[in-house]
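Beneath this line is the structure, given in structure tokens, with notes to follow.
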Amino acid sequence: MKYKTWFAIVNPASANWRTRKEWPRIHKSLVENNINVDYAVTTYPGEATLLTRQALQDYSQILSVGGDGTLNEVVNGFFENNRTINAEASLGILSHGTGGDFLRSLNQERGLAAFLDVLRRERIIPIDCGLVQYQDSFGVQHHRYFLNVADVGLGGETVARVNRHSKFFGGKLSFMAGSLVSILTYKNKRMKCIIDGKDVVNDQINSIMIANGHFFGGGMMIAPNADFTDGLFDVITLGDFTTLELLQHLPKIYQGKHLEVPGVSVYRGRNITIMSDPDGLLEVDGEQPGCTPAHFSLIPRGIRIWT
Ligand SMILES: Nc1ncnc2c1ncn2[C@@H]1O[C@H](COP(=O)(O)OP(=O)(O)OP(=O)(O)O)[C@@H](O)[C@H]1O
């Protein structure tokens, strides 16, 4: 094991390909700050997971360089065959993407200077990790780990839309535009939600959010009371809202003031099953990997994070 030496997984495509150009400068600055960093640059979507698994054979400190999507792929590389590859391993985040919802949730700034501050603090905390089992459009079962927020419904449709286009105008504006178009076109679905064995929803509703962190969608504070270390998901449901009502409440969601709105409900739990008719699109940490039926479970303090 090479303790103290970081292994960085760099996504050149993040931040609209700006990371490709800026990584050599960032790497130089890290070295100038006496931080030893070996690294690999991804060559295709999904490779960050495989590169992380390989790196964990030799390194115990992994650094994710990219946005929320890269971070999610790296987190998935910490696990193999439903087990942690190295329980001692820790994850640092040099956020260089368009959105940065996970860091917002951690209340941590983005970029190199903020990461150097994190290193100086030398604080590593184990945080809860989510695992979702879902199916793809061919009905094949998959699973994915996540740290921040997953959801079924409007969010899945929005992310599918946003990720089809460039995020040239940044994460917040891209998601705002994507949310507006999705709100206008999305149709509420009949969903069933079971939390820790109890039916809590069986109705026509808009969406269900499974939150470990606070923010999603490029800065919407969907789960203001979620806690990374409480061993529970916060589950937020948006009821059978009309387009007009959603547009009216959207600013409240950005500010985390929507929990008082009639039709919004909050639950907590560790095992959640969601079914939807018709199937609802699933969003996981800003990616859109598949659809319902989906089962979410929580791995208490499943990953160690530098923060
Ligand atoms: N070499 C590559 N070429 C093209 N796409 C890649 C490559 N490596 C990774 N990707 C994909 O790039 C996508 C975007 O990455 P990421 O989400 O980290 O950046 P972002 O969209 O700028 O940030 P955010 O999600 O925080 O807004 C991910 O879906 C990832 O799979």
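The values are calculated or read from the model by the stated rules, or taken from the named source; none is laboratory data. Nothing here was measured: the structure is a model prediction, and the numbers come from that model. Here the Cβ positions follow ideal geometry from the backbone for every residue, glycine too, while neighbour counts run over all protein chains shown. What goes into the accessible areas is simple: the full protein's heavy atoms, side chains included, and nothing from ligands, DNA or RNA. Shrake-Rupley method; radii C 1.70, N 1.55, O 1.52, S 1.80 Å.
Which count do you get for residues in the stretch 246-271 that are farther than 16 Å from Ser182 by Cα and open to solvent by less than 30 Å² (accessible area, probe 1.4 Å)?
Qualifying residue count, the stretch 246-271: 5.
Go through the residues of the stretch 129-145 one by one and say whether even a single one is under 30 Å from Thr5 (Cβ atoms), within 16 Å of the ligand (Cβ to nearest atom), open to solvent by less than 20 Å² (accessible area, probe 1.4 Å) and assigned by TED's automatic domain parsing to the domain that holds Lys252. Walk me through how you get there before you give the answer.
From the stretch 129-145, those under 30 Å from Thr5 (Cβ atoms) are 129-131, 144-145; that's our starting set.
Imposing the further condition that a residue be within 16 Å of the ligand (Cβ to nearest atom) reduces the set to 144-145.
Remaining after also requiring open to solvent by less than 20 Å² (accessible area, probe 1.4 Å): 145.
Within this subset, residues satisfying the condition of being assigned by TED's automatic domain parsing to the domain that holds Lys252 are 145.
Yes: one or more hits.
Is one or more of the residues making up the stretch 82-95 within 20 Å of Phe175 (Cβ to Cβ) and at pLDDT 90 or above? Explain how you work it out, then say what you get.
Within the stretch 82-95, the first condition is being within 20 Å of Phe175 (Cβ to Cβ), and the residues that meet it are 93, 95.
Next, only the ones that are at pLDDT 90 or above stay: 93.
The answer is yes; a qualifying residue exists.
Among the listed residues Ile305, Ile274, which satisfies the condition of being modelled with pLDDT of 95 or more and surrounded by 23 or more Cβ atoms within 10 Å (Cβ to Cβ)? Can you show your working first?
Values: Ile305 fails: surrounded by 23 or more Cβ atoms within 10 Å (Cβ to Cβ).
Among Ile305, Ile274, only Ile274 is modelled with pLDDT of 95 or more and surrounded by 23 or more Cβ atoms within 10 Å (Cβ to Cβ).
Could you list, in sequence order, the residues of the stretch 1-24 that are open to solvent by 70 Å² or more (accessible area, probe 1.4 Å) and either in a loop (DSSP other than H, G, I, E, B) or touching a Lys or Arg at 6+ places or on another chain (Cβ under 8 Å) (or both)?
Residues of the stretch 1-24 that are open to solvent by 70 Å² or more (accessible area, probe 1.4 Å), as a first pass: 1-4, 17-18, 20-21, 24.
Residues satisfying the conditions are Met1, Trp17.
Tally the residues that are in contact (Cβ under 8 Å) with a residue 24 or more places away in the chain and within 16 Å of the ligand (Cβ to nearest atom), restricting the search to the stretch 174-197.
Count: 4.
Can you name the number of the only condition in (1) assigned to a helix (DSSP H, G or I); (2) in contact with a helix residue (DSSP H, G or I) (Cβ under 9 Å, 6 or more places away or on another chain) that His27 fails?
(2)
If you take the residues of the stretch 83-104 that are touching a residue at least 24 places away in the same chain (Cβ under 8 Å), of a type outside the set (Val, Ile, Thr) and surrounded by fewer than 24 Cβ atoms within 10 Å (Cβ to Cβ), which of them is nearest to the ligand (Cβ to nearest atom)?
Looking only at the stretch 83-104, we keep the residues that are touching a residue at least 24 places away in the same chain (Cβ under 8 Å), and these are 84-86, 88-102, 104.
Subset that is of a type outside the set (Val, Ile, Thr): 86, 88-92, 94-97, 99-102, 104.
Right, trim to surrounded by fewer than 24 Cβ atoms within 10 Å (Cβ to Cβ) and you get 86, 88-92, 104.
Working: Asn86: 23, Glu88: 26, Ala89: 20, Ser90: 20, Leu91: 14, Gly92: 15, Arg104: 10 Å.
Among those that are touching a residue at least 24 places away in the same chain (Cβ under 8 Å), of a type outside the set (Val, Ile, Thr) and surrounded by fewer than 24 Cβ atoms within 10 Å (Cβ to Cβ), it is Arg104.
I'm trying to understand the selection: among the residues of the stretch 31-81, which are within 15 Å of the ligand (Cβ to nearest atom), assigned to a strand (DSSP E or B) and without any contact (Cβ under 8 Å) to a residue 40 or more places away in the chain?
Tyr39, Ala40, Val41
Looking at Arg25, Arg20, which is the one that is within 11 Å of the ligand (Cβ to nearest atom) and among the basic types (Lys, Arg)? Lay out the reasoning, then the answer.
Values: Arg25 fails: within 11 Å of the ligand (Cβ to nearest atom).
Of the residues listed, the single one that is within 11 Å of the ligand (Cβ to nearest atom) and among the basic types (Lys, Arg) is Arg20.
Quick check on my filter: what residues within the stretch 50-78 are open to solvent by 20 Å² or more (accessible area, probe 1.4 Å) and within 16 Å of His96 (Cβ to Cβ)?
Listed by number, the residues that qualify are Asp68, Glu73.
Being within 16 Å of the ligand (Cβ to nearest atom) and either farther than 17 Å from Leu147 by Cα or open to solvent by 50 Å² or more (accessible area, probe 1.4 Å) (or both): is that true of Arg121 here? I'd like the intermediate steps shown before the answer.
Values: within 16 Å of the ligand (Cβ to nearest atom): no; either farther than 17 Å from Leu147 by Cα or open to solvent by 50 Å² or more (accessible area, probe 1.4 Å) (or both): yes.
So Arg121 fails the test.
Which pairs turn up if I take residues in the stretch 198-209 that are farther than 23 Å from Thr243 by Cβ and look for partners that are surrounded by 14 or more Cβ atoms within 10 Å (Cβ to Cβ) with beta carbon separation below 6 Å, at least 6 apart in sequence or on another chain?
Listed by first residue and then by second, the contacts come to Val200/Cys193; Val200/Tyr267; Asn202/Lys192.
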